[in-house]
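The values are calculated or read from the model by the stated rules, or taken from the named source; none is laboratory data. Keep in mind that what you see is a predicted model, and the values were worked out from it rather than measured. Cβ placement follows ideal geometry from the backbone for every residue including glycine, while neighbour counts extend to all protein chains displayed. Remember, those area values only see protein heavy atoms, side chains included, never the ligands or the DNA or RNA. Shrake-Rupley method; radii C 1.70, N 1.55, O 1.52, S 1.80 Å.
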Amino acid sequence: MHTKNSLKYQVDPGGHLTGTLRVPGDKSISHRSIMLGSLADGVTEVTGFLEGDDSLATLNAFRAMGVEIEGPEAGRVSIHGVGMHGLQSPDGPLDLGNSGTSMRLLCGLLAGQGLQITLTGDSSLSGRPMGRVIDPLTQMGAVIGATESGTAPLVISPNREMKGIDYALPMASAQVKSAVLLAGLYAEGETRVTEPAPTRDHTERMLEGFGYSVERQGSRVSLVGGGSLKACRIDVPADISSAAFFLVGASIASGSELLLHHVGINPTRDGVISILRLMGGDIEIENEQVVGGETVADIRVRSSQLHGIDIPEALVPLAIDEFPAIFIAAACADGVTRLTGAEELRVKESDRIQVMADGLKVLGIDASPTQDGIVIQGGSLTGGCVESHGDHRIAMSFAMAALRASGRVEILDCANVNTSFPGFVRLASQSGLSIQQSEAG
Ligand code: S3P
């Protein structure tokens with residue numbers, strides 16, 4: 001087990017990516033499979049589950065609340081659901097590590113359980129805003145304590161008196177939408193959420209897969225509390241957010257061609273494909289099919305000369321986790337790339353606008369952060385030593401940057417890559433990246 005700060009990557013410059021690979025399972029879908037499977041009647045069988053620290057934090061939280069869960073073994077998990085009211089008080093606080101999705105969705109799911117539960121996390125998660133879920137949940141009747149600045153640890157007090165609300169999301173956030181909908185399962189009457197722009201809809205799709213009726217009308221989603229969930233089978237596709245590093249790596253490194261297998265291309269998640277295509281990327285979708293309510297496909301990507309663009313704001317929520325990788329594409333593109341309307345990037349696992357700008361500057365790229373985005377002038381990357389601030393997606397993005405750098409790229413504080421992409425170093429080196437990891441001295 002690598003302790004925080006202890007792991008660094010060293011990536012030799014140049015090379016290209018070839019072959020076929022399957023990246024690990026979708027993180028968002030893996031979290032939700034454990035949550036809904038635990039509340040269902042019957043045994044839910046999951047395949048393709050992401051065995052990363054984040055989804056395992058969710059799995060361990062439900063075990064601590066008395067749910068019997070077998071696995072994970074080679075991506076297989078069997079969840080013996082306890083029904084909507086079968087969760088038990090855990091012995092101590094639930095430690096959710098680095099995982100914002102676990103904390104925000106659990107707030108909603110636990111708000112109406114009638115249990116006293118404390119949620120904690122690591123230093124990054126303890127600095128992230130939780131008021132965005134506490135506010136609507138409080139309107140529904142929940143009692144949730146936080147620090148003065150609205151951060152974890154969070155203390156959820158016993159309560160069974162939740163009421164449905166009609167909530168207009170102040171920001172495009174699938175986590176907030178999902179927290180309110182999960183609380184709505186326990187609320188009296190109807191719970192409605194309206195979003196300012198489409199965000200990932202895995203919660204809605206999976207609730208339907210578990211037999212719960214969800215109404216969707218334009219930007220509004222609603223459900224009526226008091227129903228139950230029926231166990232089902234869930235096939236978790238490969239995570240497009242993990243595929244994104246390879247989409248960018250193969251696009252920027254000449255002579256590359258990769259086939260990425262069985263990737264989830266839900267239309268609320270495919271912004272990275274649209275953005276790379278707008279930049280001149282050569283990406284083909286093959287074998288498209290719908291599996292368990294989610295669209296999956298094989299993605300073929302070949303290298304191409306990218307050019308800078310003004311990223312359409314409508315694509316921002318559809319690619320929200322992929323911007324660190326997209327910024328590397330922009331650094332290798334001809335001309336200027338401008339991102340606006342993306343202030344949410346400042347409250348992810350790190351401040352992804354500042355941390356990426358700092359790292360790009362180390363590698364000789366002109367990158368100017370703005371309050372809600374960044375302006376990147378494409379150029380030639382040098383080698384250098386980059387700080388990832390313990391952010392998994394920053395670490396993997398800079399690893400791919402080495403494909404176009406003139407010297408070795410070192411990346412510090414990479415242990416958290418395990419939150420979403422266990423096996424990244426192995427898969428990346430099999431595909432052609434000259435990457436090694438070592439304990440930082
Ligand atoms: C997620 C939603 C997004 C995303 C996160 C996973 C989810 O967060 O960044 O990695 O599974 O619902 P926001 O809802 O904060 O945008």
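Need the failing condition index for S30 against (1) open to solvent by 10 Å² or more (accessible area, probe 1.4 Å); (2) among the small types (G, A, S); (3) in a helix (DSSP H, G or I); (4) within 30 Å of S251 (Cβ to Cβ), just the number.
Answer for S30: the failing condition is (1).
Considering (1) in a loop (DSSP other than H, G, I, E, B); (2) in contact with a strand residue (DSSP E or B) (Cβ under 7 Å, 6 or more places away or on another chain); (3) open to solvent by 30 Å² or more (accessible area, probe 1.4 Å), say which one H261 fails and leave the rest.
(1)
Would you tally the residues in the range 169-209 being of a type in the set (D, E) and away from the ligand (no atom under 12 Å from the Cβ)?
Residues that pass the stated criteria total 3.
Only one of (1) more than 16 Å from the ligand (Cβ to nearest atom); (2) at positive phi is not met by G150, so which one is it?
Exception for G150: condition (1).
Keeping to the range 97-132, report how many residues are within 16 Å of the ligand (Cβ to nearest atom), on the phi < 0 side of the Ramachandran plot, surrounded by fewer than 24 Cβ atoms within 10 Å (Cβ to Cβ) and outside any helix (DSSP H, G or I).
Number satisfying all stated conditions: 4.
Looking at A57, A61, can you tell me which residue is aliphatic (A, V, I, L, M), touching a helix residue (DSSP H, G or I) at 6+ places or on another chain (Cβ under 9 Å), within 16 Å of the ligand (Cβ to nearest atom) and open to solvent by less than 10 Å² (accessible area, probe 1.4 Å)?
A61
Being open to solvent by less than 10 Å² (accessible area, probe 1.4 Å) and of a type in the set (V, I, T) is the filter here, so list the residues in the range 64-96 that pass it.
Within the range 64-96, V67, V77, I79 meet the criteria.
Within the range 278-325, how many residues are β-branched (V, I, T) and either touching a helix residue (DSSP H, G or I) at 6+ places or on another chain (Cβ under 9 Å) or part of a loop (DSSP other than H, G, I, E, B) (or both)?
Number satisfying all stated conditions: 8.
So T147 clears everything in (1) touching a helix residue (DSSP H, G or I) at 6+ places or on another chain (Cβ under 7 Å); (2) in a loop (DSSP other than H, G, I, E, B) except one condition, right? Which one?
(1)
Applying the selection to the range 16-36, what residues are more than 16 Å from the ligand (Cβ to nearest atom) and not basic (K, R)?
Within the range 16-36, H16, L17, T18, G19, T20, L21 qualify.
Please identify the pairs in which a residue from the range 314-325 that is in the same structural domain as L247 (by TED's automatic domain parsing) and touching a residue at least 24 places away in the same chain (Cβ under 8 Å) has its Cβ atom under 7 Å from the Cβ atom of a residue that is assigned to a loop (DSSP other than H, G, I, E, B) and within 11 Å of the ligand (Cβ to nearest atom), counting only partners at least 6 apart or on another chain.
Between residues of the range 314-325 that are in the same structural domain as L247 (by TED's automatic domain parsing) and touching a residue at least 24 places away in the same chain (Cβ under 8 Å) and residues that are assigned to a loop (DSSP other than H, G, I, E, B) and within 11 Å of the ligand (Cβ to nearest atom), the close pairs are A314/A197; V316/A342; P317/A172; P317/A197; P317/T199; L318/T268; L318/R269; F323/A342.
How many of the residues making up the range 310-327 are away from the ligand (no atom under 16 Å from the Cβ) and out of contact with any strand residue (DSSP E or B) (no Cβ under 6 Å at 6 or more places or on another chain)? Reasoning before the result, please.
Going through the range 310-327, the residues away from the ligand (no atom under 16 Å from the Cβ) turn out to be 310-312.
Then drop every residue that is not out of contact with any strand residue (DSSP E or B) (no Cβ under 6 Å at 6 or more places or on another chain), which leaves 312.
Going through the range 310-327 one residue at a time, the tally reaches 1.
May I ask you to list the residues in the range 398-421 that are open to solvent by less than 40 Å² (accessible area, probe 1.4 Å) and farther than 21 Å from T382 by Cβ?
Selection gives A415, N416, V417, T419, S420, F421.
Find the residue count for the range 327-376, including only residues that are more than 18 Å from R277 (Cα to Cα), out of contact with any His (no Cβ under 8 Å at 6 or more places or on another chain) and either in the same structural domain as S126 (by TED's automatic domain parsing) or of a type in the set (V, I, T) (or both).
Here the count works out to 8.
Which number in (1) over 22 Å from the mean Cα position of the chain (by Cα); (2) more than 25 Å from A197 (Cα to Cα); (3) within 16 Å of the ligand (Cβ to nearest atom) marks the one condition that I234 misses?
Every listed condition holds for I234 apart from (1).
Please report, ordered by residue number, the strands (runs of 3 or more DSSP E) entirely within the range 175-249 with at least 3 residues that are closer than 24 Å to K163 by Cβ, open to solvent by 10 Å² or more (accessible area, probe 1.4 Å) and out of contact with any helix residue (DSSP H, G or I) (no Cβ under 7 Å at 6 or more places or on another chain).
190-194
Could you please let me know if L381 is more than 24 Å from the chain's Cα centre (by Cα), buried (at least 21 other Cβ atoms within 10 Å of the Cβ) and either closer than 28 Å to G19 by Cβ or at pLDDT below 95 (or both)?
Numbers: more than 24 Å from the chain's Cα centre (by Cα): yes; buried (at least 21 other Cβ atoms within 10 Å of the Cβ): yes; either closer than 28 Å to G19 by Cβ or at pLDDT below 95 (or both): yes.
Yes.
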